[in-house]
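Engineer: Please read through the structure below; I'll follow up with questions.
The values are calculated or read from the model by the stated rules, or taken from the named source; none is laboratory data. The shown structure was predicted, so the numbers you read here are calculated from the model rather than taken from an experiment. Glycine also receives a Cβ, built like all others from the backbone with ideal geometry; neighbour counts cover every protein chain displayed.
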Protein chains: 2
Amino acid sequence: MQPRIVEVREGVLKKNDLRARRLREEFGEHAVFVVSLVSSPGAGKTAFLEKTLRDLKAVWAVGALVGDLATDCDARRLGQAGVPVRQITTGTVCHLEAQMVADALEGWDLAALDMLFIENVGNLVCPSSYDLGEALRIVLMSVTEGEDKPLKYPTIFNSADLAIITKVDLADAVGFRRAEAHRNIREVRPGLEILEPSARTGEGMEGWFRRLRELSGLGS
Amino acid sequence: MQPRIVEVREGVLKKNDLRARRLREEFGEHAVFVVSLVSSPGAGKTAFLEKTLRDLKAVWAVGALVGDLATDCDARRLGQAGVPVRQITTGTVCHLEAQMVADALEGWDLAALDMLFIENVGNLVCPSSYDLGEALRIVLMSVTEGEDKPLKYPTIFNSADLAIITKVDLADAVGFRRAEAHRNIREVRPGLEILEPSARTGEGMEGWFRRLRELSGLGS
């Protein structure tokens, strides 16, 4: 990149970092545990989130923000889970930024929430550089994408706090090599915790909720 | 976006357009038909390209450039097809640009090629804005990603000349709704041609090659 572009990009990131820091303080003040989800388009973020919201709403006050370039399909879909959901439509912007999250939360009573999920635009590259004030960033990767994705998109795995492998019910059909996928994830991010809950069959969801309880420090 | 960012971005795009125009002229002078492939990470670009190169090399002189943030896995994999392949490693850049293509072609005898394939970084957003001098841009979408992707990522479908649906052998396993997917593609890009060749089973590949022959104007 030319020096001027780098300079502008750094300015944008610095501004985003400052906004994200303020958001994080705000989330802390209201004791809201914030989880963001990043992945390729179609890796199953929304299906995973839908199942999570439906199951968790009995225990905690949960809500979600969902990002897409266009449409409010996801907000409508997740809204059926019976929890508050707002859509962020980015237009041509390939990732969420802290200011978009702040704008979407306008008028939302954070104090009434225990946990907020933020689903990013489907993109395995650009969201990695933008802090959203989240406490936990989860990268999802589906078995259908191929075991090599962590090696090809290292930054997004590097900046995540937890990895979730999705669509495990298709593992046999696509000949998914689990050990290789785990090895590749940990090659770019040593020690990263990996879970494999299935939103479709429900298997492993209990383990995910238990982990979320531990990480959030929320009682039940 | 802030005015200054927009201005810089427009400058980058304009510079890219000029470079792409020169590339297109160069491809024309050497009678090389250039096809670019864009899709989500893991949609099957490389598997599709591998099958295509292996089958076409008996008919035409084919070659490929493959883009990734990191690794040269794809170039090594495609090189086994016995055709010239070069890797473009973008680092943190989320898309290919015309200058990267020009640099990668340095010293390559274009006159010896009939057809050049350019596989972009897996990203359903950013590559759409960057002309690479290609004659044909193909967007690939796998059945496992969900039928709604064209609606959520309209620009990349809008800027494509042909859509290919991949992993059709998994259509039943994931409950893929074909008519809905086609309708969504054509909602954002009326009349866009859609093919469904399977690199895994070989079904439909003949139709794809026939179409490529017609579009390229190359004899066989």
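Engineer: Could we say that A:P150 is in a helix (DSSP H, G or I) and farther than 20 Å from A:R183 by Cβ here?
Structural biologist: no
Engineer: Can you tell me which residue within segment B:78-126, out of those that are assigned to a helix (DSSP H, G or I) and in contact (Cβ under 8 Å) with a residue 40 or more places away in the chain, is farthest from the other protein chains (Cβ to nearest Cβ)? Walk me through how you get there before you give the answer.
Structural biologist: From segment B:78-126, those assigned to a helix (DSSP H, G or I) are B:78-79, B:98-105, B:110-112, B:126; that's our starting set.
Subsequent filtering for residues that are in contact (Cβ under 8 Å) with a residue 40 or more places away in the chain retains B:98-99, B:101-102, B:105, B:110-112.
On the way: B:A98: 15, B:Q99: 11, B:V101: 16, B:A102: 16, B:L105: 21, B:L110: 27, B:A111: 32, B:A112: 30 Å.
So, considering only residues that are assigned to a helix (DSSP H, G or I) and in contact (Cβ under 8 Å) with a residue 40 or more places away in the chain, the one farthest from the other protein chains (Cβ to nearest Cβ) is B:A111.
Engineer: From the set of residues in segment B:127-152 that are at the interface with another protein chain (Cβ under 9 Å from one of its Cβ atoms) and among the basic types (K, R), which is nearest to the chain's Cα centre (by Cα)?
Structural biologist: That would be B:K149.
Engineer: Within 13 Å of chain B (Cβ to nearest Cβ), among the hydrophobic types (A, V, I, L, M, F, W, C) and surrounded by fewer than 17 Cβ atoms within 10 Å (Cβ to Cβ): does that describe A:A70?
Structural biologist: Criteria met by A:A70.
Engineer: Looking at this structure, is B:K57 at pLDDT 95 or above, more than 25 Å from B:M141 (Cβ to Cβ) and not β-branched (V, I, T)? Explain how you work it out, then say what you get.
Structural biologist: Details: at pLDDT 95 or above: yes; more than 25 Å from B:M141 (Cβ to Cβ): yes; not β-branched (V, I, T): yes.
Yes: the conditions hold for B:K57.
Engineer: For segment A:1-53, what are the residues that are modelled with pLDDT under 95 and either within 22 Å of A:P84 (Cβ to Cβ) or acidic (D, E) (or both)?
Structural biologist: Hits for segment A:1-53 are A:E7, A:E10.
Engineer: Among the residues of segment A:161-181, is any surrounded by fewer than 24 Cβ atoms within 10 Å (Cβ to Cβ) and within 18 Å of A:F33 (Cβ to Cβ)?
Structural biologist: yes
Engineer: Also, I was wondering about something else. Restricting attention to segment B:44-72, which residues are touching a helix residue (DSSP H, G or I) at 6+ places or on another chain (Cβ under 7 Å) and under 26 Å from A:P150 (Cβ atoms)?
Structural biologist: B:T46, B:L49, B:E50, B:K51, B:L53, B:A64, B:L65, B:V66, B:D68, B:L69, B:A70, B:T71
Engineer: State all residues of segment B:191-220 that are without any contact (Cβ under 8 Å) to a residue 60 or more places away in the chain and among the charged types (D, E, K, R); if no residue qualifies, say none.
Structural biologist: Residues of segment B:191-220 that are without any contact (Cβ under 8 Å) to a residue 60 or more places away in the chain, as a first pass: B:191-196, B:198, B:201, B:203-204, B:206-207, B:210-211, B:213-214, B:219.
The answer is B:E193, B:E196, B:E203, B:E206, B:R210, B:R211, B:R213, B:E214.
Engineer: Tell me yes or no: at least one residue of segment A:9-22 is polar (S, T, N, Q) and part of a helix (DSSP H, G or I).
Structural biologist: Of all residues in segment A:9-22, those polar (S, T, N, Q) come to A:16.
Still in the running and part of a helix (DSSP H, G or I): A:16.
Yes, some residue in segment A:9-22 is polar (S, T, N, Q) and part of a helix (DSSP H, G or I).
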